[in-house]
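Only one structure is covered here, and it is reproduced in the block below.
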Amino acid sequence: MQLVSEKGVVSSRDLDFLASSFARMRLQGRHLCTDAITGNMDEDCRLWFLNRYDFYIEQLKDKELQ
C-alpha cells in the first residue's frame, strides 16, 4: 500500500517500520513527541501512522505481560 501526499508517495511499509520503532523507543522510557514526528505528514498519513503506533504500543505491552 502507498499513501499519497502532496509531497510524494510514502510506502506504508516505511511508516509501519517507523511506527514500530518509535513504539519500542517509547516503551524503553524515551520521551517522544508524536506531534513532532508527524508534523510534516498530511492528515491521512498522520492518522494511519498514529493508529499503527498505538497498535505496536499495545502489542509490545502485551508481550511484556506474558
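The values are calculated or read from the model by the stated rules, or taken from the named source; none is laboratory data. Being a predicted model, the structure only gives us computed values, none of them experimental. Using ideal geometry, Cβ is built from the backbone for each residue, glycine included, and neighbour counts are taken over all protein chains shown. We work out accessible area using only protein heavy atoms, side chains counted, and drop any ligands, DNA or RNA first. Shrake-Rupley method; radii C 1.70, N 1.55, O 1.52, S 1.80 Å.
Assorted remarks:
- Unmet criterion (only one of (1) at pLDDT 90 or above; (2) open to solvent by 50 Å² or more (accessible area, probe 1.4 Å)) for residue 49: (2)
- The lone criterion from (1) at pLDDT below 95; (2) assigned to a helix (DSSP H, G or I); (3) touching a Lys or Arg at 6+ places or on another chain (Cβ under 7 Å) left unmet by residue 57 is number (1).
- For the range 10-33, filtering for residues that are part of a helix (DSSP H, G or I), open to solvent by 40 Å² or more (accessible area, probe 1.4 Å) and not aliphatic (A, V, I, L, M) leaves 6.
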